[in-house]
Structure formats: C-alpha cells, structure tokens
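Undergrad: I'd like to ask some things about the structure below.
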Amino acid sequence: MSAREALLRELRAVIADPRVLDAIGRVPREHFVSGGDRRSAYANRALPIACGQTISQPLVVGRMCELLELRDTDRVLEVGTGSGYHAAVLAQLARHVWTIETHAELSRSAAAALGIAGIENVTLLVGDGSAGLPDEAPFDAICVTAAAPPDALPPLEAQLAPGGRLVAPVAGDGAERLVRSRLASSGVVRDELEPVRFVPLVRPG
Ligand code: SAH
C-alpha cells in the first residue's frame, strides 16, 4: 500500500464525507511540504514550513472541510494560506477559493505549489486576513487556519452569506477548540467541537 493510500485509510476512520476523502486523495501533498520532508508528506501530522509556521495535519484539514459542508458552487475564504495545502483541498470541493497570508514568502511558495499541482481556482492575497476580504464578501464558507481569539470571529462571520459556514480553531484557556458558525435566519449559531492545535492568528497591533 502506498503512503497516500495508507493516509486515506487512516482518515476514512474519522471522516465520513466521501467527497472530502476524494479531495485529499487528489492533492499531491509532497509539493506543499518543505524539501527535506518529502518522504513524510503522507504522514498524518503537521510539519514545519518556512517563517516558523506549519502545514496542517491532513486529518484536521479533512475535518474542517467536512464541517464546512462545501458544494461545488461555493465561494470560500481561507485565512492563513501557509503552505497552500488546505487551500488546494478546499479548491477541489468549491468553485473558488480566496486565501490570505501575512507572510509574502509563504504566499509565493504556496502559489508555486498550487501551480505545480495544476490547481487554478485559488486567488492568493498577502495581508491581514483577520479583517476578511470585504471586496469579495459574502462567502458561502470561511476557513480560519490559525488559532483565533473569540473576538476575531464576529468580523469574519459578518462576511458569511445566508446559510454560510465558518470553521475556526478558537483559542481558550491554554487549549484551542474547533468552532463552527452558521449564519441561520435567526442569526449566527455557533457549535464548539473537538480540541485542536494551531499556530496563532497574528493581528497587526
Ligand atoms: N492552511 C495552512 C496552515 C498554515 S498555519 C496550510 O495548509 O499549510 C497558519 C498560517 O496563518 C500561517 O502561515 C500564518 O502566517 C498565517 N496567519 C497568521 N495570522 C494571519 C493573519 N492575520 N492573516 C493571514 N494569515 C495569517
């Protein structure tokens, strides 16, 4: 069994949505990890990338995609491009992905990796994603891939379309938890889910 098949088998035990599993199966993660980590590209763990950041664990990428309940007509915003891997998986499941990263160097290498992988429905932007992307709002889904304080959610939730979903790791007392918000007709409804670990969301002072 290839490392890629072994990873999918491991993920199948936790992720039920076959579209998400297919999407992960289609994205060549080896292009998104650092050169020295190519051999571990299909290990189910986060790995270091440039600028002191990390490429997320495939299981967490899959879980977040599943929680976003993406349809192929969806417009998606990702905050925290990092390696570009999560954006690549989102791009398999949605019509278009806008992804914002503070580090220009990471955005450039993510663009290169997406190009090598032949993924064309991702727009990369450099800047602070905590303000969302008002010019392209509203979004059907927003995926935050850096640990956010609770007060970072409302400005992003304000950029959801009716029925839109947001998933974010939210920092609490020492631990972070995945939070899913949905813009229902009665307003934003939040669910607090499992604990996770992410690098912090950095907001300009
Ligand atoms: N989705 C990434 C995970 C990267 S880690 C992947 O699949 O590889 C989170 C990323 O969020 C880091 O690259 C970090 O630089 C970025 N980040 C942190 N604060 C940010 C902010 N305010 N706006 C945009 N990006 C931010």
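The values are calculated or read from the model by the stated rules, or taken from the named source; none is laboratory data. All values reported here derive from a predicted model rather than from experimental measurement. Ideal geometry is used to build each Cβ from the backbone, glycine not excepted, and the neighbour counts take in all protein chains shown. To get the accessible areas, we keep the full protein, side chains included, count just its heavy atoms, and leave off ligands, DNA and RNA. Shrake-Rupley method; radii C 1.70, N 1.55, O 1.52, S 1.80 Å.
Undergrad: Determine, yes or no, whether E78 is in contact (Cβ under 8 Å) with a residue 40 or more places away in the chain, of a type outside the set (V, I, T) and surrounded by fewer than 17 Cβ atoms within 10 Å (Cβ to Cβ).
TA: No, not satisfied.
Let's see how each residue does on (1) within 15 Å of the ligand (Cβ to nearest atom); (2) in contact with a Lys or Arg (Cβ under 6 Å, 6 or more places away or on another chain):
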residue: M1; (1), (2): no, no
residue: A6; (1), (2): no, no
residue: V33; (1), (2): yes, no
residue: Q57; (1), (2): yes, yes
residue: G62; (1), (2): yes, no
residue: S83; (1), (2): yes, no
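Undergrad: A follow-up question, please. Only one of these is within 14 Å of the ligand (Cβ to nearest atom), within 13 Å of the chain's Cα centre (by Cα) and part of a helix (DSSP H, G or I): L77, L67, L106, L90. Name it.
TA: Answer to the selection: L90.
Undergrad: Follow-up question, since we're still on this one. Step by step: first the residues of region 109-159, then only those that are on the phi > 0 side of the Ramachandran plot and touching a residue at least 24 places away in the same chain (Cβ under 8 Å), then the one that is surrounded by the fewest Cβ atoms within 10 Å (Cβ to Cβ). Which residue is that?
TA: Filtering region 109-159 for residues that are on the phi > 0 side of the Ramachandran plot and touching a residue at least 24 places away in the same chain (Cβ under 8 Å), the one surrounded by the fewest Cβ atoms within 10 Å (Cβ to Cβ) comes out as G127.
Undergrad: Condition (residue is touching a residue at least 12 places away in the same chain (Cβ under 8 Å), in a loop (DSSP other than H, G, I, E, B) and of a type in the set (G, A, S)) applied to region 10-17: is it met by at least one residue?
TA: Within region 10-17, one or more residues are touching a residue at least 12 places away in the same chain (Cβ under 8 Å), in a loop (DSSP other than H, G, I, E, B) and of a type in the set (G, A, S).
Undergrad: Shifting gears a bit: So, in region 184-205, how many residues would count as being surrounded by 11 or more Cβ atoms within 10 Å (Cβ to Cβ) and assigned to a loop (DSSP other than H, G, I, E, B)?
TA: 6
Undergrad: Another question, then. Which residue is nearest to R9 (Cα to Cα), if the candidates are limited to region 35-55 and must be more than 14 Å from the ligand (Cβ to nearest atom) and open to solvent by 50 Å² or more (accessible area, probe 1.4 Å)?
TA: R39
Undergrad: While we're on this one: Scan region 87-106 and report the pairs whose first residue is farther than 21 Å from P58 by Cα and whose second residue is of a type in the set (G, A, S), with Cβ atoms within less than 8 Å and a gap of 6+ or a chain change.
TA: As it stands, the answer is T102/G127; T102/G129; H103/A50; E105/A50, since those pairs meet every condition given.
Undergrad: Counting only residues that are of a type in the set (G, A, S) and within 22 Å of V76 (Cβ to Cβ), which one in region 160-183 is surrounded by the fewest Cβ atoms within 10 Å (Cβ to Cβ)?
TA: Across region 160-183, the extreme among qualifying residues is G163.
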